[in-house]
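**Student:** The structure follows.
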Amino acid sequence: MSRHKRESWASRPLLEPVDHGGQRVRVGDESLRFGRDPGCDVVIPDLTVSRRHARLFWDDGELALEDLGSSGGTFLNGERVQRANPRRGDVIRLGPRVGYRVDVEAASSTLGAAAQQSGQGEGVRHLQVLLEVARALNAATVLEEVLDIVLQAAVRLVGSDRGYLVLLGGDGGRSAVVSYPPGSAETTWVAQSSILDRAIGGRETVVVGPGDGQSKSMVARGISSALAAPLLVARHPMGRGKDASFVATLEVIGGILVERRQAGAVFSRDELAVFESLAADAALAIDSARLYRETRDKAKIEHEMALARTIQAAMLREPPQVSFAEIHALSQPARSVGGDLYFAGVRPDGAVVTAVGDVSGKGVAAALIMAMAQGLLALVTDLGLPFGEMVSALDRNLATFNPGNRFLTLGACLLHPDGHLAAVNGGHCPLVVVRRDGRLETVDPTGPVIGLLPGAHWGRSDLTLERGDAIVSFSDGITESFSPTDVEFGIEGVHRTLEGLAGASPAETGRALLDAAAAHREGREAQDDVTLLVVKYTG
C-alpha cells in the first residue's frame, strides 16, 4: 500500500481558500463535487468555474482529484490534470480564479495540539485554557484586547511568571509592547531583547535555560529560563489566476516572550509544542485585529471625506436668478474634495459678480483654501466692495493665512444690468465671450496668480455685452484633458466647441463643453477638477 494512503494522513484533509473569499472545505468520507450547480457539495458562484467542475474522493485509501470535463480546467500545483493525487501543501485550482491549498486538521491549530497531548492531565488543562482563548478571540475585534488575551493565554499555558508581546511596525521597529501581569516594571528593554531578536530574526522558537545562554538582563532580573516564539502570518499573492503565484510568503509581525523565575524549571517538549501552536493561531488573530482596525480607520476617514465633500458642495450654491442674465455653473472634483471654486452673487447695487478659481494642488489642503476664498468672495460682494479692490483683498488675506504658499488663479467678472462687463483675470484660463453672431473674444490674464507675490497688482478689461452674448469661464480641468495619445484639448478645443453654440442657453453651452472634453479623453476620468460657469446676457 502506498505511503500516501489514507492511514498516513494525520487528520482529515482540509482545503484552505487561496485568492478568493470562499470557505474552508473539510474532506470527510464521502466524495465532494465542486461547481456552480446548486446540487454540488461545494457550490462556487464564480463564472470561471463550470457547473460541475471537479470532484475530490478517496480511492483505495488515496485522496484523488478528478476533472469532470470543465471548460476552465483543473490544476494541481499549476499543471492541468485530468486525475491526480493531492498531498499536503499542494494547491488545487479550479479555473483561473478559484484555488485551495491542501492542509490537515492537525496540530497546526491550538485546540488540535492540546487534544493530541499524550499526558491526560496536562492535555486537559491545556485544552481548557485554549477553549477559553478560542472563545475570547472569536468575540474580540479590538487589537489591544486581542493582545491581552493572547499574552495571558501564553503565560497560563506554560506556567510562566511573566510575559511580553511585541509587534513590528512597517520599518521593522517595535510598534507596540504589551506585558503581563499588567503594570509590570519598566519594559523598554523588551524592544532590544536578544532572545526575541533571535526568535524573530530566525523565525523559530528560542529556549534559554540556566547555563544555556542566559543574558545579563535575565540574571539581573532573577529569571531562570525564557521561551520566545515569532508571530508568523502567511501572505498569498493576490491577482488573477494566471498572474498569482502558488507560493505563500511568511511575514513576521512580532513575537511572544515568557519567563520563569524558579530555578531548574525548564520548559517541557509538550509546553514548547502548545506554545508554538498558540503563537501560530495568535498571529492570525492579531493580524485580523490589525486589519479590522485599519479598515475601521479607513472607513472613518472615508466618512469624514464624504462629509467634507457634502459641505463643499453646499458652499457651491446655485447661482442667483436675475432679470438681465441667465447663469449656469458646475464643478466636478477629481477627488473627494477639490480645489476649484465658482461663485455668483448679487451686489447691493444690483450688479452680478461671477468668478471661477483654481487653488494650486489637490485634496484637503486645496479644499480648505478654496473654502476661504469662497467665503471672502461672498463677503466682499455682500459689502459692495469696489470691483477693482476685490482681487487685492483676496490677495492680502490669502497671503496672510496661507502657510503652505499655495496660490489661487481666478477669473472674475462684474456684469451690470445695462450690459457693461468688467473682467479681471489673475493667472487663470482665458475667459471666452461668445457673441450672438458666433464671434469669439478672449480675456487673457490681466495680472499674476493671487496670494503669492508681494506687491502684485491686476488690471481689468471692460467690454459691453449685447442681448444674446455669453461669457464662459472654466478651469484647467477642461483645457488639460488629454487623449489616450497624450494630445491636450487646450483652448483650441474650447474654441472649436463654442463656435457652434451662439445663442445656446448657459446649461446647453456648459454641457456641450463638458461632453467635448470627455469625448477628447475617450471615456477616461479627468485628472484634475473640472469647473465652469456660463453667463448669458438677456438685456
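**Student:** Kindly provide the set of residues from the range 295-351 that are within 13 Å of residue 367 (Cα to Cα), β-branched (Val, Ile, Thr) and modelled with pLDDT of 70 or more, ordered by number.
**Tutor:** 310
**Student:** Can you find a residue in the range 229-236 that is surrounded by 15 or more Cβ atoms within 10 Å (Cβ to Cβ), at positive phi and at pLDDT 80 or above?
**Tutor:** The answer is no; no qualifying residue exists.
**Student:** While we're here: Say we look at the range 518-537 and pick out the residues that are at pLDDT 90 or above and under 28 Å from residue 352 (Cα atoms); which of these is nearest to the chain's Cα centre (by Cα)?
**Tutor:** Among residues in the range 518-537 that are at pLDDT 90 or above and under 28 Å from residue 352 (Cα atoms), the one nearest to the chain's Cα centre (by Cα) is 531.
**Student:** For the subset of the range 26-43 comprising residues that are within 13 Å of residue 98 (Cα to Cα) and either touching a residue at least 60 places away in the same chain (Cβ under 8 Å) or assigned to a loop (DSSP other than H, G, I, E, B) (or both), which member is most open to solvent (accessible area, probe 1.4 Å)?
**Tutor:** This residue is 36.
**Student:** Is it the case that some residue within the range 393-407 is open to solvent by 70 Å² or more (accessible area, probe 1.4 Å) and hydrophobic (A, V, I, L, M, F, W, C)?
**Tutor:** Taking every residue of the range 393-407 in turn, at least one turns out to be open to solvent by 70 Å² or more (accessible area, probe 1.4 Å) and hydrophobic (A, V, I, L, M, F, W, C).
**Student:** While we're here: Which of (1) open to solvent by 30 Å² or more (accessible area, probe 1.4 Å); (2) of a type in the set (S, T, N, Q); (3) modelled with pLDDT under 90 does residue 82 not meet, given it meets every other one?
**Tutor:** Looking at each condition in turn, residue 82 falls short on (3).
**Student:** Any chance you could count how many residues in the range 330-352 are within 28 Å of residue 417 (Cα to Cα) and either over 42 Å from the mean Cα position of the chain (by Cα) or surrounded by fewer than 23 Cβ atoms within 10 Å (Cβ to Cβ) (or both)?
**Tutor:** Residues flagged as within 28 Å of residue 417 (Cα to Cα) and either over 42 Å from the mean Cα position of the chain (by Cα) or surrounded by fewer than 23 Cβ atoms within 10 Å (Cβ to Cβ) (or both) within the range 330-352 amount to 10.
**Student:** Take residue 196 and decide whether it is buried (at least 22 other Cβ atoms within 10 Å of the Cβ) and either at pLDDT below 75 or part of a helix (DSSP H, G or I) (or both).
**Tutor:** Here the answer is yes, as residue 196 does meet what is asked.
**Student:** Could I ask something else about it? Report, by residue number, each residue of the range 372-391 that is crowded, with 17+ Cβ neighbours inside 10 Å and either more than 22 Å from residue 530 (Cβ to Cβ) or among the hydrophobic types (A, V, I, L, M, F, W, C) (or both).
**Tutor:** Those that are crowded, with 17+ Cβ neighbours inside 10 Å and either more than 22 Å from residue 530 (Cβ to Cβ) or among the hydrophobic types (A, V, I, L, M, F, W, C) (or both): 372, 373, 376, 377, 380, 381, 387, 390, 391.
**Student:** Another question, if that's okay. How about the range 491-509: which of its residues are exposed (fewer than 14 other Cβ atoms within 10 Å of the Cβ) and within 19 Å of residue 428 (Cα to Cα)?
**Tutor:** Across the range 491-509, the qualifying residue is only 492.
**Student:** Further question on the same structure: If residue 364 passes every condition in (1) open to solvent by less than 30 Å² (accessible area, probe 1.4 Å); (2) part of a helix (DSSP H, G or I); (3) more than 19 Å from residue 480 (Cβ to Cβ) but one, which one does it miss?
**Tutor:** Condition not satisfied by residue 364: (1).
**Student:** Mind checking which strands (runs of 3 or more DSSP E) fall wholly inside the range 44-109 and carry at least 1 residues that are under 16 Å from residue 15 (Cα atoms), hydroxyl-bearing (Ser, Thr, Tyr) and without any contact (Cβ under 8 Å) to a residue 60 or more places away in the chain? It would help to see each step written out before you state the result.
**Tutor:** Working: elements: 54-59, 62-67, 74-76, 91-94, 98-104.
It comes to 74-76.
The values are calculated or read from the model by the stated rules, or taken from the named source; none is laboratory data. Every value quoted in this text rests on a predicted model; they were computed, and no experiment measured them. Reconstructed Cβ throughout: ideal geometry from the backbone, glycine too, with neighbour counts over all protein chains shown. Ligands, DNA and RNA are excluded from the accessible area calculation, which covers all protein heavy atoms including side chains. Shrake-Rupley method; radii C 1.70, N 1.55, O 1.52, S 1.80 Å.
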